[in-house]
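A.B. asks: Got a structure for you, questions after.
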Amino acid sequence: MQTEILKAEHLTKSFRLPLKQQKTGEKFKLAVNDLSFSAYSGEIFGLLGPNGAGKTTTLRMLATLIKPDSGDAFIDGVSVVSDPYGVRGRIGFLTSELRLEDFFTPDYLFDFFSELHGVPHDVREQRKRSMFARFGIDEFANVKMANLSTGMKQKVSIVISIVHDPDFIIFDEPTNGLDVLTAKTVTDYLSELRGEGKSIILSTHIFSLVEKLCDRVGVMIDGRMVALDTLAALTKDKSMEEKFFDLYSEVTGGRS
Amino acid sequence: MKAVLTIIKKEFMRFFGDRRLLLTTLLLPGIVLYAVYSALGAVFANVMQDSSVPVAYVRNMPESLGEAIDEIFDLRDTDLTDEEIKSQLVEGDADIFIIFPENFDDLTVGSDVPDVSIYYNSAQTSSSLAYSSVVALLDAYEQSIANVFNINSGSDRYDLADSSDVSANILSMIVPMVLIMLLLSGCVAVVLESIAGEKERGTIATLLVTPIKRSYFAIGKILSLSVIAVLSGISSFLGLILSLPNLMGGMEVDFSLAAYGVLDYFGLFLVVMSTVLVLVSLLAIVSAYAKSVKEANGLIVPVMIIAVICSLVSMFVASPPMGLYFIPVLNSALCISTLMAGTFGIVPFLITMGINIVCAALLAVLLGAMFNSEKIMFNRA
Ligand SMILES: Nc1ncnc2c1ncn2[C@@H]1O[C@H](COP(=O)(O)OP(=O)(O)OP(=O)(O)O)[C@@H](O)[C@H]1O
Ligand SMILES: [Mg+2]
């Protein structure tokens, strides 16, 4: 029996719309609508959904960057609402809105974030060496972030987000903007982490990525979880893509 | 607490590792101030030199005034015609042309009122100055003839201020104003970039997912930025102080800063440091609230205005009531002013330090709370 590492209960989040967009009296956009799901240790959970479905918003709540309006989520039993500091030490979070300062080098940033996470010096040096080698960052370890390519920046961001070797990893669109080679490095690494017993939740709108990597999949549309099952069960008789279109027309009632 | 050090270390790395930043915030302000004030001083000195010996033509020089006039003017022979002299005035070759009646001295004794004509050219500074000095001289002479009473007519030295008193007085007026403005501009330069800039670029958000306490992050930012702002302020201050002898070159005031003792300077340093803490925290809060550096630039204007008003007020309050020392920034300006004037008191100083430190601490707590607020840290659109 797998242990439940993440338990989300009735997560709800709305945003106040800018005045210009407040048509037909609607003041708020319900970005995540009463979302409940669980993820288990040692698996990769995929959050699949179209643009604006609320994937990033969900992951930001799990990572304690924003607070749910109502509901709660527990990571390894720690509440994101009542103990955000406890959660932050246990997770690694990657999303495009978290940037690294252009002025610094990967080497410096690795040390800096390790210190913030309280990683001991010798552990840090050893991890840095192996992770930089794994991602081919070693050549660029002393080049300023500003001068790195998009792919290299993303690889550094991934490495930095897990300097403290967390057991629970939250990646928002980790292969966004990467070429196939770099994307493969990343997905291979994610499989490797799963092999080490880490739990991963990632969001994406790329069906092939889900099919290749995920153990279980939650399909989000318009702030709600419209399907949640193992990949095998979801893709029993058709591809993930076809399954998604079925779900989509079911939910929207044929409107597109 | 170790996290505070980690943040400070990073901010210093960012600042001291960047040659451009070092140049623009540390070296440039001092050098520019020095250059500007020295150039200004050179211009002043030039103006004064020009006006020191005005060229004068005098007809019918009266015996009673001959010596006095000869002392202040470069007198020329008067075999030229009136028209020739006047055209020299127009050309700027001469500064003043005075025509006394032939028997001026006799006339002044009687009840007649003699006419004196003074030709000058108000378009020329040196000529205007010469005119004023002649008028002043004649006024004084007129009064001495009427002689109802005398003021300071003996050979005694009547102005008892010595040169360093005058200099202390001037410094106590100017320094608080200048110092606070320089410190403020140093603070603005570093704080906006480091807080509004980082927020805009999304690099603060990256720190917010680490387990570092928001308040430690706020304290680390405020302390490190304060040190940098003080360094920038010191650079400007040095530029200013070093240029003072050049600026005042033409005047007889001795701006010897050696008049102040080690304790004065130490007190000044403490006041400056505590002021910078307050200014940096204030600006940090405004910057954290703003969505971009550009917006922050607009929002800080009220803070700048308040600071200017405080430093202006300190110029006009000669003996400030104790209550004023409870107002941040104003208390600093007053402290600096009294330090410079030599009327410095220990109680106002302690109140100022206490108020500023408490104030900065409260603002740091507020900044920490702001870092914790998603509405403030992630307000898009
Ligand atoms: N800070 C915010 N203020 C206002 N609206 C927001 C905010 N963040 C998200 N939204 C809105 O909430 C909805 C869900 O956004 P979210 O970023 O979670 O979608 P997503 O599934 O990650 O989409 P994408 O695939 O495009 O990244 C969108 O309609 C978005 O406009
Ligand atoms: Mg997204």
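The values are calculated or read from the model by the stated rules, or taken from the named source; none is laboratory data. Just so we're clear, the structure is a prediction, and the values are computed from it rather than from any experiment. Neighbour counts are summed over all protein chains in view; Cβ atoms, including those assigned to glycine, are modelled from backbone coordinates with ideal geometry. Please note that ligands, DNA and RNA were not included when accessible areas were found on the heavy atoms of the full protein model with its side chains. Shrake-Rupley method; radii C 1.70, N 1.55, O 1.52, S 1.80 Å.
A.B. asks: Evaluate the stretch A:213-236: report whether one residue or more is away from ligand 1 (no atom under 16 Å from the Cβ), at pLDDT below 90 and loosely packed, with under 13 Cβ neighbours inside 10 Å.
C.D. replies: There is at least one residue in the stretch A:213-236 that is away from ligand 1 (no atom under 16 Å from the Cβ), at pLDDT below 90 and loosely packed, with under 13 Cβ neighbours inside 10 Å.
A.B. asks: Let me ask something additional. May I ask you to verify whether residue B:326 is loosely packed, with under 15 Cβ neighbours inside 10 Å, more than 18 Å from the chain's Cα centre (by Cα) and aromatic (Phe, Trp, Tyr)?
C.D. replies: Yes: the conditions hold for residue B:326.
A.B. asks: Starting from residues that are open to solvent by 50 Å² or more (accessible area, probe 1.4 Å) and in contact (Cβ under 8 Å) with a residue 40 or more places away in the chain, keep the ones in the stretch B:67-102 and report whichever is nearest to residue B:141 (Cα to Cα).
C.D. replies: B:72
A.B. asks: Please note which helices (runs of 4 or more DSSP H) are completely contained in the stretch A:186-256 and include at least 3 residues that are within 16 Å of ligand 2 (Cβ to nearest atom) and of a type in the set (Phe, Trp, Tyr).
C.D. replies: Helices (runs of 4 or more DSSP H) meeting the threshold: none at all.
A.B. asks: Against the definition (away from ligand 1 (no atom under 16 Å from the Cβ), hydrophobic (A, V, I, L, M, F, W, C), at pLDDT 95 or above and in contact with a Phe, Trp or Tyr (Cβ under 8 Å, 6 or more places away or on another chain)), how does residue A:91 come out, yes or no?
C.D. replies: For residue A:91, the condition - away from ligand 1 (no atom under 16 Å from the Cβ), hydrophobic (A, V, I, L, M, F, W, C), at pLDDT 95 or above and in contact with a Phe, Trp or Tyr (Cβ under 8 Å, 6 or more places away or on another chain) - is met.
A.B. asks: Residue A:188: within 14 Å of chain B (Cβ to nearest Cβ) and either surrounded by fewer than 19 Cβ atoms within 10 Å (Cβ to Cβ) or within 16 Å of ligand 1 (Cβ to nearest atom) (or both), yes or no? Can you show your working first?
C.D. replies: Numbers: within 14 Å of chain B (Cβ to nearest Cβ): no; either surrounded by fewer than 19 Cβ atoms within 10 Å (Cβ to Cβ) or within 16 Å of ligand 1 (Cβ to nearest atom) (or both): yes.
Answer is no for this residue.
A.B. asks: Considering each of B:239, B:267, B:298, B:233 in turn, give the residue that is at pLDDT below 90, more than 14 Å from chain A (Cβ to nearest Cβ) and over 16 Å from the mean Cα position of the chain (by Cα).
C.D. replies: B:267
A.B. asks: Just to check your reading of the model, which residue among B:263, B:277 is touching a Ser or Thr at 6+ places or on another chain (Cβ under 6 Å) and open to solvent by 20 Å² or more (accessible area, probe 1.4 Å)?
C.D. replies: Values: B:263 fails: touching a Ser or Thr at 6+ places or on another chain (Cβ under 6 Å).
One residue alone meets the criteria, B:277.
A.B. asks: Next question, about the same structure. Test of understanding: among A:76, A:111, A:83, A:107, which residue is charged (D, E, K, R) and touching a residue at least 40 places away in the same chain (Cβ under 8 Å)?
C.D. replies: Every option except A:76 fails the conditions.
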